[in-house]
Amino acid sequence: MTPYAGDPYCLTHPSLLAAFGCLYGLSPTPPANCRVLEMGSGDGGNIIPMAYEFPKSEFIGIDLSPVQIGIGQKIVDSLELENILLETRSIMDMGSTDGKFDYIIVHGVYSWVPDMVKEKVLDICRNNLVDQGIAYISYNVLPGWQFNKSMRDMMLYRTRHIKDPKERTDTALDLVTTMLEATADSNRFYDVQLRFFGKTLQSFHDVSSYLLHDYMEADNDPFYFHEFAGALKNHGLQYICDAEQTDFELDSLPADAAAKFEEVSENALDVEQYVDFLKNTRFRHSIVCHEEIDVNQDYSLERIEHLFAATDVVPVLDSPDSPIKEATAFRTSGGRRFSTEHFLAQVTLRKLSEIKPSTIDIPSLIQAVKKEAPSELERDSKKQTEKIGHVVYALFFNGVLELLAAPRRCVLEISDCPTASPIARLLAPSRRVTNLMMEGVRTGRVDLPNHKEGREDKTRELIHNQLESILQHLPRCGVLVA
Ligand SMILES: C[S@@+](CC[C@H](N)C(=O)[O-])C[C@H]1O[C@@H](n2cnc3c(N)ncnc32)[C@H](O)[C@@H]1O
């Protein structure tokens, strides 16, 4: 069997799940002292960095594949982690003796397993999640996956007589490449979608593994969001929100269109379904909890004041000499540019971008923003705090500010003895390392000239120069811990 090359997925992080819980009125267990289960954890690429980050929490990852569990176990052993258990085990074998978990993660699994296993996943979320627990389940969704389903059907058809996994993916990739080349100049809607698909393939460092598991598995049935929400209800669970905040809401539509969709929606879940139709959503990362909890998104300062904020946006300056203080436009790491007229939002984002990728606790952030913008704010300190809190909340739901329930451990200052995290060091020889934000960072090589007798000074100078420039870069990558 070809192992699935596991990646970290920041949207599954207990710090983020807990923050969502707080925002929607739950009282989730702090990630630094919790129990986490990941089902279909593959080689542990996602759960191992979490276990490293929270040594007092307990992590269990289960997967059917002994090969993947073996790869993960080697990493666990190298890092000498004692708070994580990786087991070759089926989801079907989980039960009440496994105890309760504060967080349950099921990423990239639910769409790829038979219905019986889907049912069991939801049973486990119901029976093994503590009362205030939070589950994360991702899945392929219609209508967006319809196009991907055509690609899947084509690949399965082309390889129907081939057994060897490598030959299957090589053959499928060859056909996709031919299609891409043949339609490179076309602007037909279908061909534009094909190009987008080609770009997605390019973003995977192990495209064969991606194709084999995401497109060519025996099971892969996309469904509509409303079907998923119905399945949750049948299992005593409810949908809270999606872990990925986008800038699209019904109210981004023209007012009469938004009103029409509101009118035809029977409830909040219906709104989600119509948004999927409007956006042609392909994938969802649903956050789920027990149905008994009164979930609502009402803003209150208490819901955010124990959280930590960060951002990945950077200010866009009119010219290189413009003071950062005047920046009103920003760019996300994904390249999306936006601007805001709202002064407090500008100050908040500028403050956070200064410490990127570190976090700051909300009370300190509010203090820092207050200092920067005294004339804009009310005299009443409590009202000021409320106003800034509201801005933080709005920026989060606009997808340009992160909220987390625990601070990040990354270090921004370059010390006399700069140290990268053990995980980054362990993975450095591979093409990607996992940083402290649970993202994959591409690695590079340092080229040193051949050492020649009598040229030690020159070699030392070259090493020094290269190290200096790399060191300047490392803190922003989120890999330094000292
Ligand atoms: C597409 S991979 C995703 C792996 C990982 N969660 C990720 O996103 O990188 C799906 C994983 O689910 C595992 N899996 C499938 N059925 C399973 C079952 N019944 N019990 C446990 N693991 C299962 C597979 O072995 C595989 O590692």
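Which of (1) part of a helix (DSSP H, G or I); (2) in contact with a Gly (Cβ under 7 Å, 6 or more places away or on another chain) is the odd one out, the single condition Ile463 does not satisfy? The single condition Ile463 does not satisfy is (2).
Just so you know, in segment 231-246 the residues that are out of contact with any strand residue (DSSP E or B) (no Cβ under 8 Å at 6 or more places or on another chain) and in a loop (DSSP other than H, G, I, E, B) include one that is nearest to Leu278 (Cα to Cα), and it is Thr246. Within segment 175-187, the set of residues being surrounded by 11 or more Cβ atoms within 10 Å (Cβ to Cβ) and not small (Gly, Ala, Ser) comprises Leu175, Val176, Thr177, Met179, Leu180, Thr183. Looking only at segment 63-98, residues that are surrounded by fewer than 19 Cβ atoms within 10 Å (Cβ to Cβ), more than 9 Å from the ligand (Cβ to nearest atom) and not aliphatic (A, V, I, L, M) come to 13 in all. Might you check whether a residue that is touching a Pro at 6+ places or on another chain (Cβ under 6 Å) and surrounded by 21 or more Cβ atoms within 10 Å (Cβ to Cβ) occurs anywhere in segment 144-165? Among the residues of segment 144-165, at least one is touching a Pro at 6+ places or on another chain (Cβ under 6 Å) and surrounded by 21 or more Cβ atoms within 10 Å (Cβ to Cβ), which makes the answer yes.
Applying the criterion of being polar (S, T, N, Q) and closer than 12 Å to Tyr393 by Cα to the residues of segment 295-345, the residue that is most open to solvent (accessible area, probe 1.4 Å) is Gln297. Condition check: open to solvent by less than 20 Å² (accessible area, probe 1.4 Å), near the ligand (Cβ under 9 Å from one of its atoms) and under 18 Å from the mean Cα position of the chain (by Cα). Does Gly42 satisfy that? Here the answer is yes, as Gly42 does meet what is asked. Could you check segment 111-140 and list, in sequence order, the residues that are within 16 Å of the ligand (Cβ to nearest atom) and open to solvent by less than 10 Å² (accessible area, probe 1.4 Å)? Within segment 111-140, Ser111, Val121, Leu122, Ile124, Cys125, Asn128, Ala135, Tyr136, Ile137, Ser138, Tyr139, Asn140 qualify.
Of the residues making up segment 3-39, those that are away from the ligand (no atom under 16 Å from the Cβ) and among the aromatic types (Phe, Trp, Tyr) are Phe20, Tyr24.
The set of residues in segment 188-207 that are open to solvent by less than 70 Å² (accessible area, probe 1.4 Å), within 27 Å of Arg431 (Cα to Cα) and among the charged types (D, E, K, R) contains only Asp206. Only one entry in Ser381, Ser415, Ser430 is over 25 Å from Pro30 (Cα atoms), open to solvent by 60 Å² or more (accessible area, probe 1.4 Å) and small (Gly, Ala, Ser), namely Ser381.
The values are calculated or read from the model by the stated rules, or taken from the named source; none is laboratory data. Note that this is a predicted model, so its numbers are computed, not measured. So basically every Cβ, Gly included, is an ideal-geometry build from the backbone, and we count neighbours across all protein chains shown. These area figures cover heavy atoms from the full protein model, side chains too; ligands, DNA and RNA do not enter into them. Shrake-Rupley method; radii C 1.70, N 1.55, O 1.52, S 1.80 Å.
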